[in-house]
1. Of the residues in region 228-253, how many are β-branched (Val, Ile, Thr) and open to solvent by 10 Å² or more (accessible area, probe 1.4 Å)?
2. Can you tell me how many residues within region 12-70 are more than 21 Å from Asp156 (Cα to Cα) and acidic (Asp, Glu)?
3. Let me spell it out: the conditions are (1) open to solvent by 20 Å² or more (accessible area, probe 1.4 Å); (2) modelled with pLDDT of 90 or more; (3) outside any helix (DSSP H, G or I); (4) among the hydrophobic types (A, V, I, L, M, F, W, C), and Leu107 meets all of them except one. Which number is the exception?
4. Tell me which residues, restricted to region 38-82, are of a type in the set (D, E, K, R) and more than 22 Å from Glu101 (Cβ to Cβ).
5. With Glu68, Glu26 as the choices, which residue is at pLDDT 95 or above, charged (D, E, K, R), over 20 Å from His14 (Cβ atoms) and not in a loop (DSSP other than H, G, I, E, B)?
6. Could you please give the count of residues in region 153-183 that are at pLDDT below 80, among the acidic types (Asp, Glu) and in a strand (DSSP E or B)?
7. If you go through region 303-314, how many residues are open to solvent by less than 30 Å² (accessible area, probe 1.4 Å) and assigned to a helix (DSSP H, G or I)?
8. Determine whether Arg351 is surrounded by fewer than 20 Cβ atoms within 10 Å (Cβ to Cβ), modelled with pLDDT under 95 and charged (D, E, K, R).
Amino acid sequence: MKHGQSHSTEVGSHRVILYNAPSEIERALGSFCFNGYSQEKKLLFIYDRLTLVDLQRAIEPYGMNLEELRRSGWIEVASVRDTYSRDGVLDLERMAKELEEKTREALDSGFEGLCVAGEGSWIFDESFDAAKMVEYESKMDEFISENPLDACCIYDTSIVNKRMLLQISSLHPFAFDTDSFVPNYDYFKDAYRNNCESDECRQLYRGTATMALEMFRIRGFYAEDHCENVSRLASAIARKMNDSKLAGELETAGKIHDIGMMSLFSDMIGKPGKLTWFESQLLHEHPLVGYELVKKVPFPRTIARAILEHHERLDGSGYPLGLKGDEISIGGRILAVAEVVSAMSFYRTYRDDYGIEVALNEIDDKAGSFYDSDVVKTCFKCFEEGFKF
């Protein structure tokens, strides 16, 4: 370490690691710590569910030894109870102040800044104000943009409310994906949307959607062209509602709205009868899986969000997030109607009744409760004027 030398004035970064099991984050945590070590920043690890054993396992492949780093003062470890809470209650002010002080201490000791990895999953065991948590993350993002603090927030996705998880993700500019930290789609969604306005970008995401559609056909997910049908009907509804731009985006969204189904077991897709509880839970994840997949391209935000929301219902009974009313985008509401009409118009092994009339009766009966009434009316107009699958 370059003690006595002036430290750099580079600002830090705000990152997030989302995991289901400790073994999944070894590469992410090790990479983050080694990057900070290479930049001669002091390391701080705030642990809870993840332990010091997990930290040692993560940094070992990078030739780093936890005990040696602690003896040299290069790394400091603390529990969440020592840093994030006061008398067992989450204290966001203390949390922010602690990180600011640790950053100054690191600089005063001759380090180039502070690199902190903190476990955040425990917060969801406490009685906490979600709005305050979001406010805290926003303030930290602002502080990090002006100071040499690299912060990495770590959350266990198996215990975090999914709606809150998306909110938290959207507050971090960088997220770990496969083998490195990459720009986070949820954070840069507006910039991504602006960058997808060019003809070249449109050709890219439409071509990608067509490729995914062919993958569905190869795997034989549906006897009919379900995704193509949803694509055509969703586009027709949006166009009838005088939104040609949305029509083009929903044409693409419809083709890949079920891409998350690729994560399901093949025998589940055509299984006759009722799914087991476990199978239902897996099925309910497919819009969220699809959302995460389409972010890799990335598609325009409208497309990604419609895919995420195509099984949401106005009364909050849908999945995967249980959104209600205006929380669901117009693209999601249109895609939901197009999806159910297409699905109920054709035979399924788990359902006896099917056909266009059955499908239209369904959306008519549930208009205003499950489905957007204006979208339902427009869908009827499409069929009255000659739309066919």
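The values are calculated or read from the model by the stated rules, or taken from the named source; none is laboratory data. Not measured: the values here are computed from a predicted model. All Cβ positions, even for glycine, are placed from backbone atoms using ideal geometry, and neighbour counts span all protein chains on display. To get the accessible areas, we keep the full protein, side chains included, count just its heavy atoms, and leave off ligands, DNA and RNA. Shrake-Rupley method; radii C 1.70, N 1.55, O 1.52, S 1.80 Å.
1. The number of residues fulfilling the criteria is 0.
2. 4
3. (3)
4. Across region 38-82, the qualifying residues are Arg49, Asp54, Arg57, Glu60, Glu67, Glu68, Arg71.
5. One residue alone meets the criteria, Glu68.
6. 1
7. The qualifying residues number 6.
8. Considered against the rule, which asks whether it is surrounded by fewer than 20 Cβ atoms within 10 Å (Cβ to Cβ), modelled with pLDDT under 95 and charged (D, E, K, R), Arg351 comes out as yes.
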